[in-house]
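The values are calculated or read from the model by the stated rules, or taken from the named source; none is laboratory data. Predicted model only: the values in this text are computed from it and were never measured. Neighbour counts run over all protein chains shown; Cβ positions are idealised from the backbone, glycine included.
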Amino acid sequence: MSKVDYYGVLEVNKKADEKAIKAAYRKLARKYHPDVNPNNPDAEAKFKQISEAYAVLSDPDRRAHYDRFGTDKDSDGPPQWEGANVQFTGFGDIFEQFLGGGMFGSRTGFEEARDLELPIAVTLEEVNSGARQTITYQTDDACPGCRGSGQVRTKNGIGPCPRCLGRGYQRAERRVDVKIPAGIQAGKKLRVPGGGHRGANGRGGDLYLIIGDAAGQAFRRNGDNVETDLEVSFTTAALGGEVKVNTPNGSATVKVPAGTQSGQVLRLKNQGLTKLNGGKGDLHARIKVTVPRELTDEQRQLLAKLRELEGSNPVAAK
């Protein structure tokens, strides 16, 4: 068997003490850990190699044997990390003692259940009448192979869990059916107990769905009220009349006073959104006076006459 230069792997000299070896390993483990280098087989192989080197050089007996014979006395070759059926003996708690139970000095954070927040888009029609939505989303659940620690023990030592590559979690897809209460405001949260990230015990944190208004809607929301643009012909704006307007509750008729100006807002009471505690908000219709692009000869003559009258009327001309 060819000798593996464990000192070279850890980038230390043969006289390095335990503290120097530990510091070198910490530095390289941070650099080559699979979580820092996802989908990088070269980094993963390097991480395994430095883990193997540290396992040997951090153990006084194994290091002495290695210095004398150039091989690890507890192994006929480098540790095998692949495969789910791993057995653990040997240098048991190196990661736990050295790194405090986690890969980089603390726990991975995936051992315990954690809450999750997700935004969802809700249309004004759903807000107005209430609805149900089926939400598909992903969680980062504690890996069952390492119970969220990111580490497993093999017959040759401790290394990254082969199921999660040392990350401590596995991605899972979930679906949940939620009720959208009528009148719920944008920015409010709906709580789904147990719908969050799952810990090592299989229990999940809570899922919080943050309500947001869907884009591209006919109405603009302002609390329980809604706003919309209402196109009105210039003759109706000038003379007054009734026009139809769409509301969240269907079509309604609004009276346009004579002399209504473009940009003026007409209020339709109780034609807005359903309120969370009952009742309705209002609809605010902003007038947009339209001008015809094409005129008949008769319309042109009448408008020309109107222009003459406006010119002879000092009040209208102001």
If you go through region 185-193 one residue at a time, do you hit one that is at pLDDT 95 or above, in a loop (DSSP other than H, G, I, E, B) and of a type outside the set (Lys, Arg)? yes
Pairing a residue in region 223-242 that is on the phi > 0 side of the Ramachandran plot with any residue that is crowded, with 18+ Cβ neighbours inside 10 Å, where Cβ atoms lie under 7 Å and the two sit 6 or more apart in sequence or on different chains, gives Gly223/Gly281; Gly240/Val256; Gly241/Val256
From the residues in region 191-214 that are out of contact with any Lys or Arg (no Cβ under 7 Å at 6 or more places or on another chain) and of a type in the set (A, V, I, L, M, F, W, C), which one is surrounded by the fewest Cβ atoms within 10 Å (Cβ to Cβ)? Ala214
I need a count of the residues in region 215-230 that are surrounded by 14 or more Cβ atoms within 10 Å (Cβ to Cβ) and either farther than 19 Å from Ala182 by Cβ or of a type outside the set (Asp, Glu) (or both). 9
Condition (residue is free of Cβ contacts under 8 Å to residues at least 60 places away in the same chain, in a loop (DSSP other than H, G, I, E, B) and over 30 Å from Gly187 (Cα atoms)) applied to region 296-306: is it met by at least one residue? yes
Six or more apart or on different chains, Cβ atoms under 7 Å: show the pairs whose first residue is in region 252-268 and free of Cβ contacts under 8 Å to residues at least 60 places away in the same chain and in the same structural domain as Glu231 (by TED's automatic domain parsing) and whose second is of a type in the set (Gly, Ala, Ser) and in a loop (DSSP other than H, G, I, E, B). Val256/Gly240; Pro257/Gly240; Ala258/Gly240
Considering only region 231-262, state which residues are in contact with a Gly (Cβ under 8 Å, 6 or more places away or on another chain), among the aliphatic types (A, V, I, L, M) and surrounded by 13 or more Cβ atoms within 10 Å (Cβ to Cβ). Ala237, Ala238, Val256
What number of residues within region 177-187 are at negative phi and either small (Gly, Ala, Ser) or exposed (fewer than 13 other Cβ atoms within 10 Å of the Cβ) (or both)? 4
